[in-house]
Amino acid sequence: MIKIEDLTNMDKNQLNQENHDPVSEDKEFNSFFSEVLQRFPDKTSKIIQNSYEKSKSRADKIFFKSRSNLDQVFDTFLTGVDQQTAQKCHRIIHAASLSAAIVGCSPIPFSDAFLLVPIQLTMMLRLHKLFGQSWSEGLGKSLSKELVVVGLGRSAVGNIIKFIPAVGTVSGAVINASVAVSITEALGWVTVKMLNDGEDIFEQAMSFRGQFEILFKALRKAKK
């Protein structure tokens, strides 16, 4: 199998293009987002669907604006991952991050932090299946809830701004979507690293939290 560290710069550029194949990404996102909607309460799911077009338009701009910076931060986390698996990981994690951004842009005050959990559970479940590893829904939910807290300080400001009509909603959405993407991307790539290294994220939760915090800080720094 081809390893990421064995690729030349030209090969890496080609890999990045393949990772960002619009057709494959759209297919993965549509499948992912449909599954996520089923995890939400019916009322919440309907609100998100009703505001989907506007929320996705904002989310696309927020997500793709910082995409190149995000991918650069992940290079060290891809060490040892073969090319085909890396491509699949990119599609799963980017689908989750875009879903998180859409929720962050939704007009539901104080909801986005809570709603990141089902998005992240779906992402982690798909990554575990990709690596052929067992998955614990209960432990995954507990871990995801705990890690979401890392981004609450900044996202809480955005949630308060959401209560201001019109412009306030947009301003709050931008703050929350950015944080939602960072949290989700960090969680996804730490999961990939530990799965590829043969580590159990539940048995080694302290190591997982530590790596998550390091990567999350690197992501926020890269996006400034």
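The values are calculated or read from the model by the stated rules, or taken from the named source; none is laboratory data. Model, not experiment: these values are computed from the prediction. So basically every Cβ, Gly included, is an ideal-geometry build from the backbone, and we count neighbours across all protein chains shown. For accessibility, only protein heavy atoms count, side chains too; no ligands or nucleic acids. Shrake-Rupley method; radii C 1.70, N 1.55, O 1.52, S 1.80 Å.
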TODO: Please give, to one decimal in nm, the separation of the simple spin-label points placed at Ile108 and Arg209, each 7 Å out from Cα toward the Cβ.
DONE: 2.7 nm
Open item on the list: Could you derive backbone 3J(HN,Hα) for the range 82-91 from the dihedral phi with the Karplus parameters 6.51, -1.76 and 1.60 (θ = phi - 60°), listing whole Hz in sequence and x where the residue is Gly or Pro?
Closed with: 5, 4, 5, 5, 4, 4, 5, 4, 4, 5
Open item on the list: Can you give me the solvent accessible area of Phe131 with a 1.4 Å probe, rounded to the nearest 10 Å²?
Closed with: 40 Å²
Open item on the list: Given a 1.4 Å probe and heavy atoms of the protein chains only, how would you sort Glu25, Glu53, largest accessible area at the top?
Closed with: Glu53, Glu25
TODO: For Ile108, enumerate residues with amide H under 5 Å from its amide H, sequence gap 5+ or separate chain, H modeled in the peptide plane.
DONE: none
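Given R₀ = 25 Å, what would the calculated FRET efficiency be for Ala222 paired with Thr79, taking r from the Cβ atoms and rounding to 0.05?
0.90
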TODO: Would you kindly derive the ³J(HN,Hα) couplings of the range 215-220 from the backbone phi angles with the Karplus curve 6.51 cos²θ - 1.76 cosθ + 1.60 (θ = phi - 60°), listing them in order in whole Hz, with x for Gly and Pro?
DONE: 5, 4, 5, 5, 5, 5
Task: Inter-site label distance for Leu125 and Leu139 at 7 Å from Cα along Cβ, in nm - done: 1.7 nm
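So how much slack lies between Ile47 and Phe64, counting 0.36 nm per residue of separation and subtracting their Cα-Cα distance, in nm?
Details: separation 17, 0.36 × 17 = 6.12 nm, distance 2.41 nm.
Here the answer is 3.7 nm.
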Open item on the list: Over 20 Å between Cα atoms: which of Lys61/Lys141; Lys65/Lys141; Lys129/Lys193 fall into that group?
Closed with: Lys61/Lys141; Lys65/Lys141
